[in-house]
Amino acid sequence: MANQGGGILTLSMSDTQSKENLEYWENRYKKRNFEWHIEEVHPQLLKYLSKLTQLETEETVEGSKAKKFFVPLCGKTKDIPFLLKLGFEVFAVEAIDSVVQELINENNLELTFDEKRSIYHDKDEQLKIYCGDLFKCPIEEYGPFDCIWDRASFIALDYSFRPSYIDMMKRSVGYGSENGVHNFRYLLQSVTYDKSNFAGPPRCVDAADIKEFFGLWADVTVLESNWVSLDHPCRRVNGYYEDDFFEEFHFFQPKN
């Protein structure tokens, strides 16, 4: 969930902001203060996997059915080994090297580090993890992606980083390229609450935000909007928030 910024895209951020945000998330991991992490495959990924992949089952896939997944700001999610076991190709980004090491060790992944590309990868490059600044990642070299699983990534970012983040996500699916936009499917986890009462993270994504950042380039479907219980980890990522707090899941695909 670590958020990063700066680098080749400087639409709404500075190197100072980037460094401060990276240090914030590094400190949280060092203190083992990462309430957002779960020790299982995310339930909504399981629930909507067939919608994301346009496949009927969770059976192992091969060849042309092996969709390319993009998992931004991946942390040490259990979703990555799950997708690998099903045969999907996974490209992920994480800024904190120690977190990538935990992901590798906890899941018995055999990865090699390519220093030139700043990429951890397995023998067949079914899995590639870019370790570094999200906005310095040459995403076009690894896309376009069929599926994006944005779990606690967009909501981790400072509000000022959002334009740069969306610019990168659009490029990850070929939006604006000579070949045109790819036939992508994008599942986004978000939270919504009264921004005047709570600064986050996780940061609020309300209907106006969805329209502003996704509405011009993607068709949007709200799959779920659930009130978050008072003991849910989302309320404790940055202190305790006791007012109305909703977790939502949005589905995006190319705009008709």
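The values are calculated or read from the model by the stated rules, or taken from the named source; none is laboratory data. Bear in mind that the values here come from a model prediction, so they are computed numbers and not experimental data. We place every Cβ from the backbone using ideal geometry, glycine too, and count neighbours over all the protein chains shown.
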Next on the checklist: Looking at the structure I just gave you, is Glu26 of a type in the set (D, E, K, R), outside any loop (DSSP other than H, G, I, E, B), at pLDDT below 75 and within 21 Å of Ser160 (Cβ to Cβ)?
Outcome noted: yes
Checklist entry - Among the residues of the range 177-192, which ones are over 16 Å from Val220 (Cβ atoms) and either in contact with a Gly (Cβ under 6 Å, 6 or more places away or on another chain) or modelled with pLDDT under 90 (or both)? => result Ser177, Glu178, Asn179, Gly180, His182
Next on the checklist: Considering only residues that are in contact with a Leu (Cβ under 9 Å, 6 or more places away or on another chain) and either β-branched (Val, Ile, Thr) or not in a strand (DSSP E or B) (or both), which ones fall in the range 167-190?
Outcome noted: Asp167, Met168
Checklist entry - Hey, among Glu94, Glu115, Glu106, Glu110, which residue is among the acidic types (Asp, Glu) and touching a helix residue (DSSP H, G or I) at 6+ places or on another chain (Cβ under 7 Å)? => result Glu94
Item to check | Residue count, the range 194-235 (criterion: surrounded by fewer than 21 Cβ atoms within 10 Å (Cβ to Cβ) and part of a strand (DSSP E or B)) | outcome: 9
Item to check | Looking only at the range 148-193, and only at residues there that are under 11 Å from the mean Cα position of the chain (by Cα) and aliphatic (A, V, I, L, M), the one that is surrounded by the most Cβ atoms within 10 Å (Cβ to Cβ) | outcome: Met169
Checklist outcome for this item: Tyr48 passes all but one of the listed conditions (1) surrounded by fewer than 13 Cβ atoms within 10 Å (Cβ to Cβ); (2) at pLDDT 95 or above; (3) among the hydroxyl-bearing types (Ser, Thr, Tyr); the exception is number (1)
Checklist entry - If you go through the range 153-207, how many residues are among the aliphatic types (A, V, I, L, M) and touching a strand residue (DSSP E or B) at 6+ places or on another chain (Cβ under 6 Å)? => result 6
Checklist entry - Within the range 86-133, can you find the residues that are over 25 Å from Arg28 (Cα atoms), surrounded by fewer than 19 Cβ atoms within 10 Å (Cβ to Cβ) and of a type in the set (Asp, Glu)? => result Glu110, Asp114, Glu115, Asp122, Asp124, Glu125
Next on the checklist: I need a count of the residues in the range 82-109 that are outside any helix (DSSP H, G or I) and more than 20 Å from Ala66 (Cα to Cα).
Outcome noted: 5
Checklist entry - Just checking, how many residues over the range 227-248 are of a type in the set (Val, Ile, Thr) and modelled with pLDDT of 80 or more? => result 1
Checklist entry - Do you know which residues across the range 110-147 are over 18 Å from the mean Cα position of the chain (by Cα) and of a type in the set (Ser, Thr, Tyr)? => result Thr112, Ser118
